[in-house]
There are 2 protein chains.
Amino acid sequence: MSAVYNKVALIGLGLIAGSIALAARESGAAGRISGTARTAKTRSAARDLQLCDEIVDNAAAAVRNADLVILCVPVGAMGKVMSEIKPHLKPGAVITDVGSVKQEVIAEVSPHLPDHVHFIPGHPLAGTEQSGPYSGFAGLFSNRWWLLTPLPDTDPEELSRLRRFIRALGANVEDMEPAHHDTVLAVTSHTPHLIAYTMVGVADHLKRVTESEVIKYSAAGFRDFTRIAASDPTMWRDVFLNNKDAVLDILGRFTEELFVLQRAIRMGDGDHLHEYFTRTRAIRRGIIEAGQDTDAPDFGRSAQPGGKRLD
Amino acid sequence: MSAVYNKVALIGLGLIAGSIALAARESGAAGRISGTARTAKTRSAARDLQLCDEIVDNAAAAVRNADLVILCVPVGAMGKVMSEIKPHLKPGAVITDVGSVKQEVIAEVSPHLPDHVHFIPGHPLAGTEQSGPYSGFAGLFSNRWWLLTPLPDTDPEELSRLRRFIRALGANVEDMEPAHHDTVLAVTSHTPHLIAYTMVGVADHLKRVTESEVIKYSAAGFRDFTRIAASDPTMWRDVFLNNKDAVLDILGRFTEELFVLQRAIRMGDGDHLHEYFTRTRAIRRGIIEAGQDTDAPDFGRSAQPGGKRLD
């Protein structure tokens, strides 16, 4: 395809930026990619990997003459990066971000926006439990959702151009209102992550069960929690601090619900438990039907007839 | 190999029994397999699948002349099944079970044991979120742990013979004290399952976020919870009712821990969150090193370079 943007600048070079660079190169959606990262170590790794056409030492140099700037830093660093690049942005440039929280990012970034650029916040619902420049791969966004939360004054032409670029990376694009985004993600991502972190933490300092036992017998369910809980600590700290209200609200509901099940266990109310567990099965079926997972068994991992390990 | 037991009887024909039947046939560990299930529908499905050499209508007929009897029914049904088969057991037969809870199963089964048989309780740490006779596959136990909790008077020769049979199915065998088993499993399996069920339940009745949104955007973390929460409701009801004390203890610790993290979010204590999330990463690394998972990225599912879906 012909390039959607002549020059794309990536600020931050972790899993998401690395995957954007690889997918953009594969699809030809970017004419030229410039990248930068805060630490010399990450920049050097990105150079070794030849992730971008050029790796520069700071964000100001990266955004020079860029038609699209993608902020790929933790949510808490977005405002600072924006203030650094502000004087160096090309008139007419599009700025987007990949933060997991949208209202706070909009509040942090907006004060630093020059009049002559277009800010279109975004969030790709893709990732793995790994991080850093070596973790990126071109297929990360394939058939995943990439949400955009355009602002009331967003230019429709620039919005559809950004959509074209994202589709070229393999993702499906959808628009969402920023506050609604933050609530939906608190349910589908942020609270599940906090819960997984907590359960792994409980196992960690339980003296009656040694750490080696927890690890050895993890396949019984716990392993899926550790995968979630292995995600990047800085990214997740920033998510919780910046989507505080929605997360605290969902956590409150979760605790209420957990207490009701806990009471059913204490009282021996088997009917309540059975009815509850039957209801949650239906949601799983919905996810398989929506194509966001398959019904291939996954708990055992060596889950195919014949025992071939698929991961 | 030559058969470890001439005749094996499977009581209950769900995921575990079906997988035992297929793995035993593949390895030749059982001379002949007889199976039964409570419902005519399951028996008929097992006949269609030719899961066993014979499918009979009741447990009494299945255990006749069997050298090994494996109780593959939910934990809450073990005592009843044992009382039914008691008069029909062959002298010298070995009885084992696959229940996820051991102390209660021992308490329920023991009163019905004739003097002339050997009871060696067990628990294979393998399974998927699926259930029923169609869900079994021969590779389910491959490289998984199968815990045995022998009683003080267990015959060492019968114990080593049962171990040989289990290893022939592909599993690694380990002995554990029943009470310790129930604590370890409360941490690594039972409490994580309850938490996953709870989180899926919260998402289910949240009015501000529609069910279709929860399903559509599940790849952001929630999907792993729904897989866990799709497990068999009857089996899990019985697990919680029969491992009540250990589960309530771990749940109490979990809630305490969750409140500390919740307070850190409310207070904006980023250092606490970051330090906590860094610690949980180490456990994940331990699990990968122990060979109970790989570090292939899994969140995105289409997680291999090139975007090939592996599940």
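The values are calculated or read from the model by the stated rules, or taken from the named source; none is laboratory data. Here the structure is a predicted model, which means the values were calculated and not measured. Virtual Cβ from ideal backbone geometry, glycine too; neighbours counted across all protein chains shown.
Taking B:H181 as meeting all but one of (1) modelled with pLDDT under 95; (2) crowded, with 23+ Cβ neighbours inside 10 Å, write down the number of the exception.
(1)
Would you mind listing the strands (runs of 3 or more DSSP E) fully within region A:1-78 where at least 2 residues are in contact (Cβ under 8 Å) with a residue 40 or more places away in the chain? Break it down into steps so the answer makes sense when it comes.
On the way: elements: A:5-11, A:30-36, A:68-71.
Here the list reads A:5-11, A:68-71.
Select from region B:146-167 the residues that are surrounded by fewer than 20 Cβ atoms within 10 Å (Cβ to Cβ) and of a type in the set (A, V, I, L, M, F, W, C) and write down the one among them that is nearest to B:V101 (Cα to Cα).
B:L151
Within region A:5-28, track down each residue that is among the aliphatic types (A, V, I, L, M), touching a Ser or Thr at 6+ places or on another chain (Cβ under 9 Å) and farther than 18 Å from A:K80 by Cβ. Let's see the steps before the verdict.
Start the filter on region A:5-28 by keeping residues that are among the aliphatic types (A, V, I, L, M), which leaves A:8-11, A:13, A:15-17, A:20-24.
Now restrict to residues that are touching a Ser or Thr at 6+ places or on another chain (Cβ under 9 Å): A:8-11, A:13, A:15, A:23.
Residues satisfying the conditions are A:V8, A:L15, A:A23.
Would you confirm whether any residue within region A:132-139 is in contact with an Asp or Glu (Cβ under 6 Å, 6 or more places away or on another chain), in the same structural domain as A:A45 (by TED's automatic domain parsing), surrounded by 21 or more Cβ atoms within 10 Å (Cβ to Cβ) and more than 23 Å from A:R64 (Cβ to Cβ)?
Keep residues of region A:132-139 that are in contact with an Asp or Glu (Cβ under 6 Å, 6 or more places away or on another chain), which gives A:138.
If we keep only those that are in the same structural domain as A:A45 (by TED's automatic domain parsing) as well, we get A:138.
Within this subset, residues satisfying the condition of being surrounded by 21 or more Cβ atoms within 10 Å (Cβ to Cβ) are A:138.
From the residues that got through so far, the ones that are more than 23 Å from A:R64 (Cβ to Cβ) too are A:138.
For region A:132-139, residues in contact with an Asp or Glu (Cβ under 6 Å, 6 or more places away or on another chain), in the same structural domain as A:A45 (by TED's automatic domain parsing), surrounded by 21 or more Cβ atoms within 10 Å (Cβ to Cβ) and more than 23 Å from A:R64 (Cβ to Cβ): present.
From A:R144, A:R167, A:R161, which residue is within 11 Å of chain B (Cβ to nearest Cβ), touching a strand residue (DSSP E or B) at 6+ places or on another chain (Cβ under 9 Å), under 30 Å from A:L22 (Cβ atoms) and charged (D, E, K, R)?
Numbers: A:R167 fails: within 11 Å of chain B (Cβ to nearest Cβ); A:R161 fails: within 11 Å of chain B (Cβ to nearest Cβ).
Within the list A:R144, A:R167, A:R161, the selection yields A:R144.
Could you figure out which of (1) within 30 Å of A:L22 (Cα to Cα); (2) within 7 Å of chain A (Cβ to nearest Cβ); (3) modelled with pLDDT under 95; (4) in contact with a helix residue (DSSP H, G or I) (Cβ under 9 Å, 6 or more places away or on another chain) isn't true of B:D311?
Going through (1) within 30 Å of A:L22 (Cα to Cα); (2) within 7 Å of chain A (Cβ to nearest Cβ); (3) modelled with pLDDT under 95; (4) in contact with a helix residue (DSSP H, G or I) (Cβ under 9 Å, 6 or more places away or on another chain) one by one, B:D311 breaks only (4).
Quick one: would you say B:S189 is without any contact (Cβ under 8 Å) to a residue 12 or more places away in the chain, facing another protein chain (nearest Cβ under 10 Å) and either closer than 23 Å to A:Y197 by Cα or not in a loop (DSSP other than H, G, I, E, B) (or both)? Explain how you work it out, then say what you get.
Numbers: without any contact (Cβ under 8 Å) to a residue 12 or more places away in the chain: no; facing another protein chain (nearest Cβ under 10 Å): yes; either closer than 23 Å to A:Y197 by Cα or not in a loop (DSSP other than H, G, I, E, B) (or both): yes.
Judged against the criteria, B:S189 is not a match.
Taking region B:192-210 on its own, how many of its residues are more than 7 Å from chain A (Cβ to nearest Cβ) and surrounded by fewer than 24 Cβ atoms within 10 Å (Cβ to Cβ)? Let's see the steps before the verdict.
Just the residues of region B:192-210 that are more than 7 Å from chain A (Cβ to nearest Cβ), to begin with: B:196, B:205, B:207, B:210.
Next, from what is left, pick out any that are surrounded by fewer than 24 Cβ atoms within 10 Å (Cβ to Cβ): B:205, B:207, B:210.
Looking only at that region, the number is 3.
Quick one: in region A:100-124, of everything that is part of a loop (DSSP other than H, G, I, E, B) and in contact (Cβ under 8 Å) with a residue 60 or more places away in the chain, which residue is surrounded by the most Cβ atoms within 10 Å (Cβ to Cβ)? Break it down into steps so the answer makes sense when it comes.
Restricting attention to region A:100-124, the residues satisfying the condition of being part of a loop (DSSP other than H, G, I, E, B) are A:100-102, A:113-117, A:120-121.
Next, from what is left, pick out any that are in contact (Cβ under 8 Å) with a residue 60 or more places away in the chain: A:100-102.
Numbers: A:S100: 24, A:V101: 29, A:K102: 26.
Taking the candidates together, the pick is A:V101.
Name the single residue that is surrounded by the most Cβ atoms within 10 Å (Cβ to Cβ) among those in region B:233-275 being among the small types (G, A, S) and within 30 Å of B:P74 (Cβ to Cβ). Before you say what the answer is, go through the steps one by one.
Of all residues in region B:233-275, those among the small types (G, A, S) come to B:246, B:252, B:264, B:268, B:270.
Then drop every residue that is not within 30 Å of B:P74 (Cβ to Cβ), which leaves B:246, B:252.
Working: B:A246: 21, B:G252: 12.
Looking at the filtered set, the residue picked out is B:A246.
Looking only at residues in region A:98-129 that are touching a helix residue (DSSP H, G or I) at 6+ places or on another chain (Cβ under 6 Å) and polar (S, T, N, Q), which one is nearest to the other protein chains (Cβ to nearest Cβ)?
A:S100
Filter region A:133-156 for residues that are more than 13 Å from the chain's Cα centre (by Cα) and in a loop (DSSP other than H, G, I, E, B) and give the result.
A:F137, A:A138, A:G139, A:S142, A:N143, A:T149, A:P150, A:L151, A:P152, A:D153, A:T154, A:D155
Within region B:228-248, can one find any residue that is of a type in the set (V, I, T), without any contact (Cβ under 8 Å) to a residue 40 or more places away in the chain and in contact with a helix residue (DSSP H, G or I) (Cβ under 8 Å, 6 or more places away or on another chain)? Break it down stepwise before answering.
Start the filter on region B:228-248 by keeping residues that are of a type in the set (V, I, T), which leaves B:228, B:234, B:239, B:247.
Imposing the further condition that a residue be without any contact (Cβ under 8 Å) to a residue 40 or more places away in the chain reduces the set to none.
The answer is no, given that none of the residues of region B:228-248 is of a type in the set (V, I, T), without any contact (Cβ under 8 Å) to a residue 40 or more places away in the chain and in contact with a helix residue (DSSP H, G or I) (Cβ under 8 Å, 6 or more places away or on another chain).
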